[in-house]
Amino acid sequence: MNTASAYKEKMKELSVISLICSCFYPETRRPLAPEFEDMEVKPIDKRASGQAFEVILKPLSPLSDVAHGLPSPPKRDISLDDIEKKLEAAEERRKLQESQVLRALQDKREHERDVLLKAMEENSNFSKMAEEKLQLKMEQNKENREALLAAMIERLQEKERHAAVVRRNKELRD
């Protein structure tokens, strides 16, 4: 049994229960259309989407002193002082808003300046570190080159000494 058929079944049960209850507890039903003095409301046929009503306005009787429309609020007499106070309050609000905008702009500029200074400091630190690293590498290369050169000179001197020993031995043999 799907949901739609279960819903239909439940609605049938409710209408039967409603009928039984109305037999035991008879009460006058409220009219579908409420009564008003200056209008008549007639229900039209019930539709699937809800109920429809026709509203008919009754003509005004000459004895009726009820005016149609909403009553306008009583007008206050506005004095010059009231106008000046309102203008002063508006001017204060405008100045307050202007000062808030200027303060926000100043905070934003200060933040931008701080960010720029931090970026410049980081760039400077990076440059210093790169320069120190390069200097250290150049010193190590110089030391390695000097050590290599010293080793080559030492080998050359060793060969010279060996050659001198071989020459002396050869001269001694001859």
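The values are calculated or read from the model by the stated rules, or taken from the named source; none is laboratory data. All figures in this text were calculated on a predicted structure; none of them were measured in a lab. Please note: Cβ atoms are built from the backbone with ideal geometry, for glycine as well, and neighbour counts cover all protein chains shown. Just the protein is used for accessible areas: all its heavy atoms, side chains included, with ligands, DNA and RNA removed. Shrake-Rupley method; radii C 1.70, N 1.55, O 1.52, S 1.80 Å.
Leaving out ligands, DNA and RNA, and with a 1.4 Å probe, what % of the accessible surface on region 70-162 is carbon or sulfur?
Accessible surface attributable to carbon and sulfur in region 70-162 totals 57 percent.
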Go ahead and run the numbers for FRET between Glu9 and Lys58, Cβ-Cβ distance against an R0 of 45 Å, rounding to 0.05. 0.45
Mean accessible surface per residue for region 68-174, computed with a 1.4 Å probe while every protein chain stays in place, in Å²: 103
Could you tally the net charge around Leu102, taking each other residue with its Cβ under 14 Å from the Cβ of Leu102, Lys/Arg +1 and Asp/Glu -1? +2
